[in-house]
1. Out of everything in the stretch 60-79 that is farther than 20 Å from N97 by Cβ and out of contact with any Ser or Thr (no Cβ under 9 Å at 6 or more places or on another chain), what residue ends up being surrounded by the fewest Cβ atoms within 10 Å (Cβ to Cβ)?
2. Inside the stretch 106-120, can you point out the residues that are loosely packed, with under 15 Cβ neighbours inside 10 Å and either in a helix (DSSP H, G or I) or of a type in the set (G, A, S) (or both)?
3. Do you know which of the residues in the stretch 7-53 that are open to solvent by 70 Å² or more (accessible area, probe 1.4 Å) and in contact with a Ser or Thr (Cβ under 9 Å, 6 or more places away or on another chain) is modelled with the highest pLDDT?
4. Need the failing condition index for H103 against (1) part of a strand (DSSP E or B); (2) open to solvent by less than 20 Å² (accessible area, probe 1.4 Å); (3) of a type outside the set (A, V, I, L, M, F, W, C), just the number.
Amino acid sequence: MSHIKYTTMNWIALTNTNQLEEILKLSNITPVLIFKHSTRCGISRMALKTFEREFDLDETEISIFFLDLLNYRALSQDISIKFKVAHQSPQVLLIKNEEVIYHDSHDYISFDKIKEILKK
């Protein structure tokens with residue numbers, strides 16, 4: 001898997017549909033977070049900055065994937081179908097044991113909420 005340093009974090013670039021099966025398998029070992037981001041959207045940019053500022057987990061505790069919606073729009077639709085979550089932008093999906101255990105979008109994306117869910 002290739003890593004991208006899009007902003008301040010080392011994200012795993014989500015660039016093809018085959019990675020969705022890898023994400024499912026990986027979610028049985030460690031929780032997986034997908035962040036869907038539109039590089040042209042101010043709301044998405046603010047949500048991303050807030051998320052990164054609040055993110056304080058060790059990279060061994062969670063795998064974090066970044067989807068650039070402008071370059072991989074069709075992949076976003078595949079995610080919606082595979083995980084049965086309507087497309088939003090920006091959007092986060094938290095996957096554990098092959099199931100989405102949390103998802104939210106826009107200003108409702110909360111890293112504190114994600115940490116709370118991970119503790120359960």
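1. Top of the filtered list is Q77.
2. Applying the first criterion (loosely packed, with under 15 Cβ neighbours inside 10 Å) to the stretch 106-120 yields 106-108, 112-113, 116-117, 119-120.
If the condition is that a residue be loosely packed, with under 15 Cβ neighbours inside 10 Å and either in a helix (DSSP H, G or I) or of a type in the set (G, A, S) (or both), then H106, D107, Y108, D112, K113, E116, I117, K119 are the ones that fit.
3. Checking each candidate, the answer is I29.
4. (2)
The values are calculated or read from the model by the stated rules, or taken from the named source; none is laboratory data. Just so we're clear, the structure is a prediction, and the values are computed from it rather than from any experiment. Glycine gets a Cβ as well: all are built from the backbone with ideal geometry, and neighbour counts include every protein chain shown. The area values use the complete protein model at the heavy-atom level, side chains included, leaving out ligands, DNA and RNA. Shrake-Rupley method; radii C 1.70, N 1.55, O 1.52, S 1.80 Å.
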